[in-house]
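Enquirer: Can you keep this structure in mind? I'll have questions shortly.
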Amino acid sequence: MIREHLPVLQVVLPLVAAPLCLLLMRSVWAWLLAFIVSLAALVISIVLLREVYAGEVLSYAIGGWAAPWGIEYRVDAVNAFILIIVTAISVVALMFAKTSVAQEVAGDKQGLFYTAWLLCLTGLLGIAVTGDAFNLFVFLEISSLSSYVLIGLGQDRRALTASFQYLVMGTIGATFILIGIGLLYMVTGTLNMMDLAARLAVLGDSRTVQTALAFLTVGIGLKLALFPLHLWLPNAYTYAPSAVTVFLAATATKVAVYMLLRFLFQVFDASFTFGAMPLGGFLAVLAAVGILSTSTVSIFQDNIKRMLAYSSVAQVGYMVLGISLVSSAGLTAALLHLFNHALMKGTLFLALGCVAYRLGSVRLGAIAGLGQRMPWTMAAFLVGALSLIGIPLTAGFVSKWYLILAAVERGWWPLVVVVIAGSLLAIIYVWRVVEMAYLRPPPEKLSVTEAPLSLLVPTWLLAGANVYFGVDTQFSVGMARQAAALLTGSSG
Amino acid sequence: MDLLGLYNYWIVILLMMMGFYVVIASGHLVKKLIGLNLFQASVFILYISMGTVEGGAAPILRSGVGVFSNPLPHVLILTAIVVGVATTALGLALVVRIKEAYGSAEEEDIHRQDDSL
């Protein structure tokens with residue numbers, strides 16, 4: 001009975017819980033509610049994943065209105081994969097948030113904090129699950145507006161300017177997406193994605209469709225932080241509260257990658273996006289320049305959170321690189337890196353959150369000798385860092401390996417060089433942190449101790465996942481492959 | 001080709017570029033938000049004018065009228081207007097907080113105090 005309603009419950013549950021959170025102004029209760037709801041969403045997404053794993057597609061008509069007219073929620077292998085990532089990260093980040101947020105956010109604002117968190121979760125899950133283009137825009141704005149609030153709650157006053165900057169750029173991006181959807185509606189008269197795809201295939205090429213593609217790509221590129229549209233990201237990630245950085249870094253850009261995939265491969269036909277329109281080469285060049293330039297900028301950052309934020313832009317570059325290859329191997333690599341990057345950046349930002357909790361600073365100069373004082377935290381950071389570089393036996397290696405294989409398959413050798421060069425640059429910036437933490441003596445009067453267990457457990461949970469998915473790739477590669485097959489299959 | 005026949009698109013493009021220019025060029029954060037509003041308003045007009053059917057009446061069912069304008073884009077844009085209002089409200093709230101923290105809402109003054117924006 002309840003089983004058939006799972007796709008919509010996924011979104012409705014956090015949406016209804018958000019105002020409840022507001023009523024429970026007492027911070028512990030608000031946290032508990034947010035945590036339980038996230039956990040429930042994770043359970044739902046696991047059940048959904050099991051149902052669509054065999055290649056089945058679940059379609060849910062909201063309010064009983066049939067598909068092209070009513071809003072359809074559609075779960076297939078692609079978005080079930082995204083749902084798992086978003087909900088799992090939300091659960092882990094909330095485990096961490098209880099202690100971290102209690103320190104970083106004022107007591108009377110914590111109820112509001114968890115309300116915004118749940119709304120952001122609603123938006124992200126909604127984007128993933130909906131099959132309606134306009135509904136996607138609404139969920140995009142729900143998640144964006146709540147993430148501006150979450151970022152603005154950072155301790156530093158620069159969090160406010162970062163949030164404002166993100167608001168301006170994010171709104172421009174979302175409006176571009178709105179224009180794109182409007183133009184598509186203009187030529188097809190429908191908003192359902194599957195229906196759009198079917199009608200666009202019949203209508204063929206026209207100036208309006210080309211314009212729609214351009215607006216959608218730029219708009220999603222802004223939300224995705226695709227180079228050179230990434231300018232909002234470094235400040236937003238740096239000054240947001242630690243738990244928020246973990247949540248957004250591991251989910252928000254991933255959902256944007258998902259939007260890009262849905263539009264480029266399913267709504268528009270791949271033969272149009274990458275054949276008639278030269279988007280493949282365009283994206284490949286931007287991704288390659290993005291990887292090299294932002295990795296280089298990372299090396300010169302003094303604030304470790306900022307360094308990792310720039311590295312996130314580079315990692316988005318790897319995913320877009322995989323997409324631009326327009327092959328099933330390339331898409332597999334992109335989706336795999338999407339999953340693995342959520343794990344590695346989650347681990348790194350969680351470990352940094354532990355450092356911020358004890359030291360109150362994440363500047364490079366402040367962490368001298370921290371490897372001795374906070375051994376577990378820094379060890380988790382090291383695991384995440386190795387995964388970021390792509391050392392064998394970590395998750396990061398698997399996705400970079402698949403990416404290189406996909407590039408070789410297409411014979412795009414320069415891209416192979418870019419991927420390897422990006423990894424070498426990652427070694428340099430990560431090494432600066434490792435050297436500072438492990439090879440410098442701690443200052444005499446520094447009396448920090450290891451982070452509390454409530455922070456270490458979620459950190460090591462993700463660190464463990466990095467190693468686990470580096471060794472046992474059956475789930476991650478299997479899922480990515482199936483999702484890629486679905487995306488290329490429907491476009492072929 | 002009749003360039004002025006589609007004058008609604010010219011209005012949309014003009015408004016959009018005006019809004020975009022204000023967002024980029026003005027240094028005051030409130031002015032930026034007004035520019036952003038203008039930018040969004042142009043898209044509202046794009047949607048609304050898209051629903052118009054030549055010779056069509058307002059979409060209210062009554063006898064003797066056969067051709068109606070398409071009401072769906074109007075309904076859609078109602079949602080987008082709500083989103084726009086929420087964005088503006090949140091943006092203005094942020095400007096108030098920024099003014100409290102920096103004593104100014106001018107981009108240059110904020111830059112001088114923190115080189116972050």
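Values quoted throughout were computed directly from the atomic coordinates according to the rules given, and no laboratory measurement underlies them. Owing to the predicted nature of the structure, the values given are computational and were not obtained by experimental measurement. Quick reminder, even Gly has a Cβ in these numbers, built from the backbone with ideal geometry, and neighbours come from all protein chains shown.
Enquirer: Taking every residue in A:134-142, how many Cβ atoms of other protein chains lie within 10 Å of its Cβ, on average?
Expert: Counting Cβ atoms of other protein chains within 10 Å of each residue's Cβ and averaging gives 3.
Enquirer: Please list 3J(HN,Hα) in residue order for the range A:457-468, calculated via the Karplus relation 6.51 cos²θ - 1.76 cosθ + 1.60 where θ = phi - 60°; whole Hz, with x for glycine and proline.
Expert: Using θ = phi - 60°, the values come out as 4, x, 4, 6, 4, 6, 4, x, 4, 4, 6, 4 Hz.
Enquirer: Let me ask something else about it. Looking at the protein assembly as shown only, what percent of DSSP beta bridges run antiparallel? Nearest 5 please.
Expert: Bridges in the protein assembly as shown are about 90 percent antiparallel.
Enquirer: Something else now. I need the chymotrypsin sites (Phe, Trp or Tyr not before Pro) found in the range A:1-79, filtered to DSSP loop residues with at most 11 other beta carbons within 10 Å of theirs.
Expert: A:65
Enquirer: What 222 nm value per residue comes from the helices of chain A, counting each DSSP H run with n ≥ 4 as -39,500 (n - 2.57) and dividing by all residues, nearest 500 deg cm²/dmol?
Expert: One gets -25500 deg cm²/dmol as the mean residue ellipticity at 222 nm.
Enquirer: Sorted from fewest to most neighbouring beta carbons within 10 Å, what does the list B:63, A:144 look like?
Expert: By the 10 Å Cβ count, ascending: B:63, A:144.
Enquirer: Apply 1/(1 + (r/R0)^6) to the Cβ-Cβ distance of residue B:109 and residue A:61, taking R0 = 35 Å, and write down the FRET efficiency to the nearest 0.05.
Expert: According to the calculation, E is roughly 0.05.
Enquirer: Let a ≥ b ≥ c be the square roots of the eigenvalues of the Cα gyration tensor of the protein assembly as shown; is it rounded (a/c under 1.5), or, if not, prolate (a/b larger than b/c) or oblate?
Expert: Prolate.
Enquirer: Using θ = phi - 60° and the Karplus form 6.51 cos²θ - 1.76 cosθ + 1.60, what ³J(HN,Hα) does each residue of the range A:9-17 get, whole Hz, x for Gly and Pro?
Expert: Result, rounded to whole Hz: 4, 3, 8, 5, 4, x, 5, 6, 6.
Enquirer: Have a look at B:91, B:19, B:67 and report the one farthest towards the positive end of the charge dipole of chain B, computed about the Cα centre with Cβ charges (Lys/Arg +1, Asp/Glu -1).
Expert: B:67
Enquirer: Mind listing the phi-derived Karplus ³J(HN,Hα) values for the range A:222-231, rounded to whole Hz, using 6.51, -1.76 and 1.60 with θ = phi - 60°, and x for any glycine or proline?
Expert: Residue by residue, the range A:222-231 yields 5, 5, 7, 6, 6, 3, x, 9, 9, 4 Hz.
Enquirer: Which whole number gives the average count of other chain Cβ atoms within 10 Å of the Cβ atoms across peptide A:171-178?
Expert: Mean shielding count: 6.
Enquirer: Using all C-alpha to C-alpha distances in chain B, build P(r) with 5 Å bins and read off the rounded percent in each one.
Expert: Binned Cα distances yield the sequence 2, 10, 14, 16, 15, 11, 9, 7, 6, 4, 3, 1, 1, 0.
Enquirer: Follow-up question, since we're still on this one. Residue B:68's amide H: which non-local residues (gap 5+, or another chain) put their own amide H closer than 5 Å, with H modeled 1.01 Å from N in plane and none for Pro or chain starts?
Expert: Counting only residues 5 or more places away or on other chains, the set is B:57.
Enquirer: Using the count of nearby Cβ atoms within 10 Å as a rough guide to exposure, how do A:143, A:327 rank from fewest to most?
Expert: A:327, A:143
Enquirer: Still on this structure, I have one more. The range A:138-173 to the range A:321-389: how many Å between their Cα centroids?
Expert: One Cα centre to the other: 23 Å.
Enquirer: Now for a different question. Let a ≥ b ≥ c be the square roots of the eigenvalues of the Cα gyration tensor of the range A:370-492; is it rounded (a/c under 1.5), or, if not, prolate (a/b larger than b/c) or oblate?
Expert: Cα axes put the range A:370-492 in the oblate bin.
Enquirer: With an 8 Å cut-off on Cα pairs and a minimum separation of 6 or more residues, tell me the relative contact order of chain A in percent.
Expert: Computed value for chain A: 15 percent relative contact order.
Enquirer: Next question. For A:23, A:260, which order do you get if you count the other beta carbons within 10 Å of each Cβ and list the fewest first?
Expert: A:23, A:260
Enquirer: Would you please calculate the Kirkwood hydrodynamic radius of the range A:278-492 over all C-alpha pairs and express it in Å, rounded to one decimal?
Expert: For the range A:278-492, the Kirkwood estimate is 17.6 Å.
Enquirer: Residue A:132's amide H: which non-local residues (gap 5+, or another chain) put their own amide H closer than 5 Å, with H modeled 1.01 Å from N in plane and none for Pro or chain starts?
Expert: Amide H neighbours of residue A:132: A:72, A:193.
Enquirer: How high is the FRET efficiency from residue B:53 to residue A:276, r the C-beta distance, R0 30 Å, rounded to 0.05?
Expert: It comes out at approximately 0.50.
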